[in-house]
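What follows is a set of notes on a single structure, which appears directly below.
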Amino acid sequence: MKFGWVACEPNCRGWVSAVGIITADTPKDFDDFARGRQLGGATVVLDSSGGSVNDAITLGRRFRNLGLLTTVGITQQGGGGQSARPAVASEAYCESMCVFLLLAGKKRYVPEAAHVRVHQIWMGDRADDAKAASYSAQDLMIVERDIGRLAKYTFDMGGAGDLLSLALNVPPWEDLHELDAAELKLTNLVTTDLVADVLPHVDVMAPALAELGPKTQARFGEEQAQPAKSTKTAEAVVPTGTVAAPAAAPQK
């Protein structure tokens with residue numbers, strides 16, 4: 001996942017753009033990004049297909065400790081002259097563990113055109129052919145332990161058990177479940193219906209959310225340096241330069 005500060009002074013405060021897959025390096029990358037910046041109360045605009053369960057939990061707790069707000073969108077940098085400002089396109093995807101990053105916001109807004117999708121957590125190295133893979137007792141222990149961690153995190157963040165129920169009912173060999181407007185509220189993923197609560201703008205002539213065309217799978221894959229199917233598979237949770245250890249069960 002890559003982080004960037006999007007400035008749009010003088011008429012709006014700006015926001016944090018968070019794009020890509022959550023890996024073992026992501027919490028440190030965020031700490032490096034946050035160092036020297038006054039991020040307290042800022043908004044994070046998420047555009048991600050998910051990734052590692054435990055690293056997403058760590059990052060989500062960082063977000064909450066800073067009092068960050070969250071939403072889903074694609075940052076569009078301004079162009080066409082000095083008066084042009086960056087905007088956020090609402091047709092975006094927040095999938096898998098990205099949904100639990102969304103939950104970390106003190107205030108949470110999901111635009112109508114956004115796609116918020118969930119499924120079960122699974123062993124990342126066997127997510128591509130989950131039915132055919134074999135699993136040891138140690139594997140099952142890891143998955144169940146991480147479900148427990150995810151459940152505690154969900155409740156700590158103010159989420160409802162319905163979010164876990166919806167996610168854990170979708171196995172990795174089925175399509176992700178897209179939450180509708182009623183489910184977004186049922187799970188407590190949405191705390192406000194007003195974009196101004198997370199992306200306040202003084203200049204109402206330049207709205208914070210600019211509608212664009214649908215985001216294709218090819219574009220999603222290109223952004224994350226992954227093939228188009230990256231929205232369906234887990235990022236490996238092996239820390240850079242180390243061997244695999246039974247320490248996490250990434251979400252598919």
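Points to keep in mind about this one:
- The stretch between Ala181 and Ala113, if pulled fully straight at 0.36 nm per residue, gains 23.4 nm over its current Cα-Cα span.
- Take the Cα of Lys106, step 7 Å toward its Cβ, do the same at Lys152, and the gap between the two points is 2.4 nm.
- Converting phi to 3J(HN,Hα) with the Karplus coefficients 6.51, -1.76 and 1.60 and the offset θ = phi - 60°, the stretch 131-145 yields 5, 7, 6, 9, 9, 8, 4, 5, 4, 5, 4, 5, 4, 5, 4 Hz in sequence order, with x at every glycine or proline.
- The modelled label-to-label distance between Glu174 and Asp129, using points 7 Å beyond Cα along the C-beta direction, is 2.3 nm.
- Mean projection of the Cα convex hull over all viewing directions, computed for the stretch 71-174: 9.0 nm².
- Given charges at beta-carbon only (K, R positive; D, E negative), |dipole| of the stretch 129-180 in Debye: 300 debye
- Taking other Cβ atoms within 10 Å as a rough exposure proxy, Arg85, Arg61 sort from fewest to most as Arg61, Arg85.
- Under 5 Å, built H, 5+ apart or other chain: amide partners of Ala42: Leu69
- Fully extending the segment from Ala196 to Ala7, taken as 0.36 nm per residue of separation minus the present Cα-Cα distance, adds 66.4 nm.
- Cross-link pairs exceeding 22 Å between alpha carbons, from the set Lys2/Lys152; Lys2/Lys28; Lys2/Lys185; Lys131/Lys185; Lys28/Lys107; Lys28/Lys131: Lys2/Lys152; Lys2/Lys185; Lys131/Lys185; Lys28/Lys107; Lys28/Lys131.
Since every read-out is calculated from the coordinates, none of them should be taken as a lab result. Here the structure is a predicted model, which is why all the values come from computation and not from measurement. Neighbour counts run over all protein chains shown; Cβ positions are idealised from the backbone, glycine included.
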